Ligand SMILES: Nc1nc2c(c(=O)[nH]1)N[C@H]1C(S)=C(S)[C@@H](COP(=O)(O)O)O[C@H]1N2
Ligand SMILES: [Mo]
């Protein structure tokens with residue numbers, strides 16, 4: 001395991017090369033050549049990277065009171081089956097994701113379908129930082145400072161029609177390079193979906209980064225969905241296609257186990273998973289022996305999103 005830790009945090013993977021070279025040059029001048037060789041990626045680098053990886057980053061006070069999970073923890077314990085099963089495989093195999101060129105195709109019930117390159121997503125939409133709680137259906141959780149674009153601002157550019165009642169999301173499909181996709185663990189590619197009012201809710205984020213840096217591969221680079229009031233599996237990673245559709249789209253996990261993973265997957269402590277309770281959660285970074293935290297309705301976003309589900313039987317539409 002220790003063998004994998006060193007390459008995993010190679011600075012060249014998380015900082016544009018030119019920036020890193022510039023900083024190393026600065027450190028060399030400031031500290032002297034011998035000292036600089038031993039300088040690891042310092043904590044203070046996060047701020048330096050913030051200014052450079054996302055120029056013009058809009059800081060919001062969303063989640064300002066939350067204490068983020070340590071970056072090293074959130075980026076080394078992942079679910080990303082395309083990169084392998086188990087929590088450590090995604091970080092170990094992240095280099096197998098080919099991040100450029102990368103484009104997202106937007107199609108279906110809209111007036112202006114098209115394809116947009118990742119660099120245009122980064123360059124043409126103001127990127128915001130927002131701190132959200134993140135809750136996996138497996139009953140672990142984290143607090144993450146994401147960077148991204150409100151999905152509704154992104155979707156508006158493609159002019160959805162009144163027939164667009166749902167939005168379907170598709171992740172990368174590249175079995176030649178992604179080891180998990182060479183086995184039928186899941187039906188590939190990974191697909192997810194939201195109702196149009198969920199997709200255009202102001203909290204729904206098209207994330208391009210976390211912790212002030214571009215998303216690491218294991219967390220869904222270069223662009224993923226983040227729906228903070230739903231179980232983590234709704235937040236599809238490494239998106240290549242977004243489609244406006246009229247009918248409720250199929251989703252990977254509900255195809256596999258419809259009675260365990262529904263379409264809505266709203267975080268709800270009073271609806272247990274058939275095989276475990278959802279009342280409490282383990283916060284990543286606190287250790288296996290730490291006491292579990294109570295899980296909040298809609299993951300703590302009840303005020304913002306409860307209206308989306310008014311009148312629905314939440315035990316049936318799980
Ligand atoms: N394409 C794809 N997206 C995915 C997954 C996956 O395996 N493949 N796993 C999901 C699950 S179960 C969770 S909990 C989150 C994990 O995101 P994280 O690794 O950034 O914490 O990603 C979700 N998105
Ligand atoms: Mo999950």
* To do: Residue by residue through the stretch 126-153, note down the ones that are more than 19 Å from residue 80 (Cβ to Cβ) and touching a residue at least 60 places away in the same chain (Cβ under 8 Å).
  => 126, 127, 128, 129, 130, 131, 133, 143, 145, 151
* To do: Could you pull out the residue among 285, 212 that is within 13 Å of ligand 1 (Cβ to nearest atom) and farther than 29 Å from residue 173 by Cβ?
  => 285
* Asked: In the stretch 157-173, is there at least one residue being within 14 Å of ligand 1 (Cβ to nearest atom) and surrounded by fewer than 19 Cβ atoms within 10 Å (Cβ to Cβ)?
  -> yes
* Asked: Are any residues in the stretch 81-109 assigned to a loop (DSSP other than H, G, I, E, B) and in contact with a strand residue (DSSP E or B) (Cβ under 6 Å, 6 or more places away or on another chain), and if so, which ones?
  -> 109
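For (1) at positive phi; (2) over 20 Å from the mean Cα position of the chain (by Cα); (3) assigned to a loop (DSSP other than H, G, I, E, B), each residue gets a yes or a no:
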residue: 164; (1), (2), (3): no, yes, yes
residue: 167; (1), (2), (3): no, no, no
residue: 180; (1), (2), (3): no, no, no
residue: 189; (1), (2), (3): no, no, yes
residue: 194; (1), (2), (3): no, no, no
residue: 197; (1), (2), (3): no, no, no
* Structure fact -> Flagged in the stretch 58-76 as surrounded by fewer than 19 Cβ atoms within 10 Å (Cβ to Cβ) and in contact (Cβ under 8 Å) with a residue 60 or more places away in the chain, in numbering order, are 58, 59, 60, 62, 64, 66, 67, 68, 70, 72, 73
* To do: For the stretch 228-244, enumerate the residues that are within 16 Å of ligand 1 (Cβ to nearest atom) and part of a strand (DSSP E or B).
  => 230, 239, 240, 241, 242, 243
* Can you pull out the residues in the stretch 142-188 that are within 16 Å of ligand 2 (Cβ to nearest atom), touching a helix residue (DSSP H, G or I) at 6+ places or on another chain (Cβ under 8 Å) and modelled with pLDDT of 95 or more? -> 142, 144, 171, 180, 186
* Is the stretch 224-237 home to any residue that is surrounded by 19 or more Cβ atoms within 10 Å (Cβ to Cβ) and more than 16 Å from ligand 2 (Cβ to nearest atom)? -> no
* All positions within the stretch 271-282 that are in contact with a strand residue (DSSP E or B) (Cβ under 8 Å, 6 or more places away or on another chain) and either part of a strand (DSSP E or B) or buried (at least 20 other Cβ atoms within 10 Å of the Cβ) (or both) -> 280, 281, 282
* Filter pass, residue 125 being buried (at least 17 other Cβ atoms within 10 Å of the Cβ), closer than 30 Å to residue 272 by Cβ and in contact with a strand residue (DSSP E or B) (Cβ under 8 Å, 6 or more places away or on another chain) -> no
* **Unmet criterion (only one of (1) away from ligand 1 (no atom under 16 Å from the Cβ); (2) over 21 Å from residue 222 (Cβ atoms); (3) in a strand (DSSP E or B)) for residue 112** => (3)
* To do: Scan the stretch 249-259 for residues that are within 12 Å of ligand 1 (Cβ to nearest atom) and surrounded by 13 or more Cβ atoms within 10 Å (Cβ to Cβ) and report the count.
  => 3
* Asked: Counting only residues that are more than 19 Å from residue 134 (Cα to Cα) and not in a loop (DSSP other than H, G, I, E, B), how many does the stretch 245-270 have?
  -> 5
* To do: Answer with yes or no whether residue 285 is touching a strand residue (DSSP E or B) at 6+ places or on another chain (Cβ under 9 Å) and either under 13 Å from residue 230 (Cα atoms) or part of a loop (DSSP other than H, G, I, E, B) (or both).
  => yes
* Please find, within the stretch 204-215, the residue that is surrounded by the most Cβ atoms within 10 Å (Cβ to Cβ) out of those that are in contact with a helix residue (DSSP H, G or I) (Cβ under 6 Å, 6 or more places away or on another chain) and in a loop (DSSP other than H, G, I, E, B). => 204
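The values are calculated or read from the model by the stated rules, or taken from the named source; none is laboratory data. A quick note: this is a predicted structure, and the numbers were derived from the prediction, not measured. Every residue, glycine as well, gets a Cβ built from its backbone with ideal geometry; the counts of neighbours run over all protein chains shown.
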